[in-house]
Amino acid sequence: MVTFDDFLKLDIRVGTIIKVDDFPKAKKAAYKLEIDFGELGIKKSSAQITELYQKSDLIGKQILAVVNFPPKQVADFLSEVLVLGVYSKKGVVLIEPNMPVNNGEKLG
């Protein structure tokens, strides 16, 4: 079990996907994402979301991500944030706000 204080240590922010590339060097099918988090800047992430999302569908999509984990090396790519999603039987479904919000807004 974690405490509420543990949960508050996570910095979960809204960002808009601005660039998507294939990631052939990843062990599991993934995309390389560039995400605009407003004042936090543009961050990169590797995301295993290829089953349900085409690259063209992701541009402009707002998502939620943990922005205060240490960067993680994935093959030859440094993933800076953890994009949040739900594992469904068909693939990962991204967590996204149901209304547009400013990039960098914090989950509260």
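The numbers here are math on the coordinates, done by the rules we state, and not lab data. Values in this document were obtained by computation on a predicted structure and should not be read as measured data. Neighbour counts are summed over all protein chains in view; Cβ atoms, including those assigned to glycine, are modelled from backbone coordinates with ideal geometry.
Some points to look at:
- Test item: Cα-centred dipole of the chain, Lys/Arg +1 and Asp/Glu -1 on Cβ, debye: 380 debye
- Cβ crowding within 10 Å, taken as a proxy for footprinting-reagent exposure, orders V86, V92 from fewest neighbours to most as V86, V92.
- When peptides 50-58, 2-10 are sorted by average Cβ neighbour count within 10 Å, with the highest value leading, the order is 50-58, 2-10.
- Eigen-decomposition of the gyration tensor built on the alpha-carbon atoms of the chain gives equivalent ellipsoid semi-axes of 21, 16, 15 angstrom, largest listed first.
- Cβ-to-Cβ counts within 10 Å put M1, M99 in ascending order as M1, M99, the fewest first.
- The chain, relative contact order in percent, only Cα pairs under 8 angstrom and at least six apart counted: 32 percent
- Summing Lys and Arg as +1 and Asp and Glu as -1 over all other residues whose Cβ lies under 13 Å from the Cβ of G15 gives a net charge of -1.
- Only one residue of S79, V101, L40 has its Cα farthest out toward the positive end of the dipole of the chain, where Lys and Arg carry +1 and Asp and Glu -1 on Cβ, and that residue is S79.
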